[in-house]
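A quick write-up on the structure given underneath.
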Amino acid sequence: MSPSPASSPPVYAVRNYLNTPATGLRSWLTTRDHKRIGVMFLVAVTVAFAVGGFFAMLIRVEHLTPGPTIMDAMTYNRVFTLHGVVMIFLFMIPAIPSGFGNFLLPIMVGAKDVAFPRLNLLSFYLYLLGAGIALWGMIHGGADTGWTFYTPYSTTTSSKVVPILLGAFVLGFSSILTGLNFIVTTHTLRAPGITWTKLPLFVWSIYATSVIQILATPVLGMTLLLVAIEHAFGWGIFDPARGGDPVLFQHFFWFYSHPAVYIMILPAMAVISEVVCAFSRKNIFGYKAVAYSSLGIAFVGFFTWGHHLFTSGQSPYDAGIFGALSMFVGIFTAIKVFNWVATMYKGSIDFKTPFIYFLGFLFFLFFGGMTGIALATVSLDIHWQDTYFVVAHFHFIMVGSTMMAFLAALHYWWPKMTGRMYSERWALVAAVFIILGFVFTFLPQFLLGNEGMPRRYFSYPERYWALNVASTAGASVLAIGFTIVLGYILVALRYGAVAGPNPWGSRGYEWLTPSPPPLENFDVLPAFERGPHQYHDLPAAPPTPAPGPAGEAAGASHG
Amino acid sequence: MADHAAAAPGGPHAALAHHFESLEKQGQAQRLGMWLFLATEILLFTALFAAYGVYRYLYTGAFAEASRGLATWMGGVNTFVLVTSSLTVALGLDAARQGRTRRTAGLFFLSIGLGLVFMTLKAVEYRHHFLLGELPGPSYRGHIPGSGGSLFFSLYFLITGLHAFHVLAGMTVLGVIGVKAWRGAYSAEYHVPVELAGLYWHLVDLIWIFVFPLIYLQ
Amino acid sequence: MNDLLRRLLDLPEQASQHARDVDGLHYFIVLTTLLVGLAIFATTIWFLVRFQRRGEGEATPEVQPTRWHEAVFIGVPLAFFLLWFAIGFPQYVDLTRPPPDAMDVFVQGKQWMWKFAYAGGPSSLDVLRVPAGRPVRLLITSRDVIHSFFVPALRLKQDALPGRYTETWFNADRPGRYQIFCAEYCGLSHSGMLAELVVMPASDFDDWLATQRRGLTRAQDGAPTPGEALLPGTSLVEQGRTVAAEQGCFKCHSVDGSRHIGPTFLGLYRRHERLSTGELVTADEAYITRSMMDPAAQVVADYQNVMPSFQGRMTPPEVAAVVEFVKSLANPAEQPGPSEGPAYEPIPSK
């Protein structure tokens, strides 16, 4: 039942979720299949990424000269706001959980679907609705507040801030519904045999993400609503002119938005844990440490928001507590980094594209994380707060790492989702472009920040010019890299070689089913006797079928 | 919340969705989903409560003064009304467990009636505030000098308004489930939606139990 | 060593002991991070080469961590993190405790300028003069939105919040001119909200302050704050120019005919302006006054409506003075010289 790629050609699953029950657009738009919803999310977030990336390029081109280059200050302020809003709310928060999470989590727990399929579809439409409202606001003037919407500027600006706020509010509900679905699915729909300690690490991290989505998002929703009310009616909650406290807004905002950073990075860690095992063909080093540290990050992440307010005049006691607690997030991340590297030890490493992205991820996570630790020492933050150093730091950790993981996931699970392989050679070229492009975009920004260039500056003193040009050059390389990826995956969609159920020889549960998977994920539910990261009982030679239970679904025993 | 879609033809129960193995498991999932949803609701209010706490600390005098101006007896009666409605909802669930779904429907409609009493009293209070000019933000014409008064009423209307919105939503849920119960959609074996509607109503009640001392009592 | 690392990391000059201390921590963290990073990535590369897949069916042993591994993975980074925190946090706490003998300077941010006021009345726009080697306490506030007072050379930053005061302090020990930025995004000209810190030798500063105070006593005039009555003695046009500078008009309106964020004042009076509605108006006294009070009502074509209303922010005599000043610029032949807006010269980056 499980032919090895060496002995017989791989099989494309003829009856799969892409063509059952139907193939028409209508069947997609009304689907409740988590895989289709996941794919639709992936398409939507990719479009959002392209839009956000376009804004990013506008910003970089504008900074080619110290003064005005291609736009005026007002346009620039709108562009960086839209770049932030689109990238954070429309791309990074939903990208891995709603896209890959939706596709994979139910398969990884051996379920036929998520617990509430209709809510899942609703989540997708809420995403579209939120994006639509925000888009409407962008077309009709856009907001010029920055994605942080700091009051009282955001409540007094004449730009169209209300639709953007409402858009983000609606997107919050989309996020909540997805998180709710994942938690309930993980608790109640695990197949017999999948105990908590046999859950794939991907599920653990997505679970931790979902907890944050559920507990933090409502506070952001309320806060954005208050800002919108304030902007429209002037009720004064955050307006000092009416007795309100603008710093209270910052507390509320970061109570969500700091944990939101972990909504972005935990799913990335989820992907990396899977990739490093699959391509090292090795059990994870310290399953429990990696799994529980995700929960640790989610928990501690709720108590560190104050480190965004070191310069806002909070008391030194608050600053001390928030700074020290921030260090613990670093510890949990450090545990993961050490364990991933140790997983490679005595492995059998297949240096394929997803693994290259794992290395890139490690690089960005390490330096992004360590600059974060440096910021948490408080005194250094005073210098770096609101400069390009912070910009580079969070682009490294949130964008660099998350982007690497997103691309690793895309390449690792591409054969699972489409049943076809991409071009390894082109993927290699693109990976080099993207990783180098990213380094060259943001390394100069660390130096700009050291030198004191504040963020959100339309024009800047001459002495920052050279580094800005270097950064823009890096961004261009990055853009070329992404274009290459888009090109070869679209080609692969149609002309890619047939992948077969398990081209990587992975032990992950999702590889126990044909590619693309059938409508209800498994034709025959496997017994899940082996753990998802268990490789020590591999057969000695490739042609010999694994001593797995007979009748186990295809692909379990590739040598 | 209740996702009892696709009636599997010939399946064990019409309410069992295709991806659950048993009705019991599906019920567990729905209950867990509801509890998580309630958690998000609580955090929604938490933001407002936190804001209230901060401003009460910053404007202690004005907030005490404004709070004294509220009709505590009306708030008290409303608390009593809501707690009673929670009791009737709980009795309704108990009836559903015994399979007496008509009784469930009756008790749910009684709860809706109590919800209406609550909303009416709330409307009388709001009218009173309007007449006195006790309005949020720039519309505030009350007697408390400084920003404290207008801030209090901004928060007062936000919190009680959002709560009233939840009461309306809860009444709608009770209504829908009540009608379905009357038509015999539930039984002693399957009554998860009744339970979930009850949970939601209890949350609405619980939030008021926090709102009342916070805003009305000194 | 300090200078080499400072240049490698592109850090600005260090104008205070605090800056040097913070940089010390910076170097410590950067060097440790690079060292650890090198170790981690060298290990990764070594594993990558050593454990490269050699055959399809290669089996791998199961390797599990021991308690010893876990203790090291948690203990070592935690020790470093806490050590850094133990160095950095006291440096921060120090910033919140100004010495009792510090000189007070009141700092007010507003869109888009900094105003500095000294005890006894003198004040200045966009130039902060302080004595070298003496502690200076800044009491910072904002008149509109949140700004952030940032001096890279002092490694110092403190938000300016509307409706409350925040404080910080520094002791600049090297005379020189240093850049002041606004670090918190505050709207259209956020990046133009620059100012300069001039650290003077203490005796020079005392002389300067004394001169300022004397001048103030003589003319009863520093820079009139809005709402204060205008002072007799100077011509209405001159007063108008002072008010316009004080209110920040020159941030957007030039007086030399060049196009900026708003239309130039030069030759504005009695000019026929095409509005964004297509309507044609004559810029008379009424139009100029209305533009100050309700800028959105009649916007000149091709300009954005970004001007804030000055309703309630200027007294009637001030408004009249500004109108007179604009009128004085009616004839291009009578140019009163370049804008008196704060001229900023960038600090040479060495």
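FYI, it's all coordinate maths here, none of it is from the lab. What you see is a predicted model, and the numbers here were worked out from it, not measured in a lab. Cβ atoms come from the backbone with ideal geometry, glycine included; neighbour counts cover every protein chain shown.
Odds and ends about this structure:
- Backbone HN-Hα couplings from phi across the stretch C:180-191 [Karplus 6.51/-1.76/1.60, Hz, Gly and Pro as x]: 10, 10, 9, 9, 9, 4, 9, x, 3, 9, 3, 6
- For residue B:123 and residue B:165, the difference between the fully extended length at 0.36 nm per residue and the C-alpha to C-alpha distance is 13.9 nm.
- Label-to-label distance, nm, for residues given as residue C:301 and residue A:26 (7 Å Cα→Cβ offset): 5.2 nm
- Value of relative contact order over chain C, rounded to a whole percent, pairs C-alpha under 8 Å and six or more apart: 14 percent
- Farthest positive-ward along the stretch A:369-498 dipole, Cα basis, beta-carbon charges - from A:382, A:423, A:461: A:423
- C:156, A:122 arranged by Cβ crowding within 10 Å, fewest neighbours leading: A:122, C:156
- Environment charge of residue A:76, counting only residues whose C-beta is closer than 15 Å and scoring Lys/Arg +1, Asp/Glu -1: +1
- Cα gyration tensor, the protein assembly as shown - rounded (a/c under 1.5), prolate or oblate: oblate
- Cβ-based exposure ranking for A:386, A:350, in which fewest neighbours within 10 Å come first: A:350, A:386
- In plain terms, the chain from residue A:288 to residue A:69 could stretch by 73.6 nm, reckoned as 0.36 nm per residue minus the Cα-Cα distance.
- The sum of -39500 (n - 2.57) across all DSSP H runs of n ≥ 4, divided by the residue count of the protein assembly as shown, sets its helix-only mean residue ellipticity at 222 nm to -18500 deg cm²/dmol.
- Here the label points at residue B:218 and residue C:35, each 7 Å from Cα along the C-beta direction, are separated by 6.4 nm in the simple model.
- Inter-chain Cβ neighbour average for residues C:86-97, partner chain, 10 Å: 5
- Computed on the stretch B:58-123, with alpha-carbon pairs under 8 angstrom and 6+ residues apart, the relative contact order is 35 percent.
- Classification of the stretch C:103-219 by its C-alpha gyration tensor yields a prolate form. The axis ratio a/c (a ≥ b ≥ c) is 1.5 or more, and a/b outweighs b/c.
- Each Lys and Arg adds +1 at its Cβ and each Asp and Glu adds -1 at its Cβ; summed about the Cα centre, chain B shows a dipole of about 380 debye.
- A straight chain from residue A:15 to residue A:497 at 0.36 nm per residue would run longer than the Cα-Cα distance by 171.7 nm.
- Dipole magnitude for the stretch A:137-293: about 740 debye, using +1 per Lys or Arg Cβ and -1 per Asp or Glu Cβ, origin at the Cα centre.
- Among A:98, A:197, C:39 - extreme Cα towards positive end, dipole of the protein assembly as shown, charges at beta-carbon: A:197
- Placing unit charges on the Cβ atoms of the charged side chains and taking the dipole of chain C about its Cα centre, the candidate lying farthest along the positive direction among C:135, C:65, C:161 is C:65.
- When +1 charges are put on Lys and Arg Cβ atoms and -1 charges on Asp and Glu Cβ atoms, the dipole computed for the protein assembly as shown relative to its Cα centre reaches about 2420 debye.
- Shielding by other protein chains, B:36-43, mean Cβ within 10 Å: 6
- Across peptide A:326-333, the mean count of Cβ atoms from other chains lying within 10 Å of each residue's own Cβ comes to 3.
- With 26 Å as the limit, the listed pairs A:112/A:352; C:115/C:251; A:198/A:416; A:112/A:346; A:160/C:115; A:160/C:157 have A:112/A:352; A:112/A:346; A:160/C:115; A:160/C:157 beyond it between alpha carbons.
- FRET efficiency, residue C:235 to residue C:106 (Cβ-Cβ, R0 30 Å, nearest 0.05): 0.50
- Pairwise FRET efficiency - residue A:232 versus residue C:290, Cβ, R0 = 30 Å, nearest 0.05: 0.70
- Applying 1/(1 + (r/R0)^6) with R0 = 56 Å to the Cβ-Cβ distance of residue C:214 and residue A:196 gives a FRET efficiency near 0.10.
- C-alpha center-to-center spacing [the stretch A:264-343, the stretch A:416-482] in angstrom: 25 Å
- Under 5 Å from the amide H of residue C:128 lie the amide H atoms of C:196, C:197, C:198, each residue being 5 or more positions distant or on a separate chain, with H modelled from the backbone and absent for Pro and chain starts.
- Counting only lysines at least 8 places from residue B:180 when in the same chain, those with an alpha carbon closer than 28 Å to its own are B:25.
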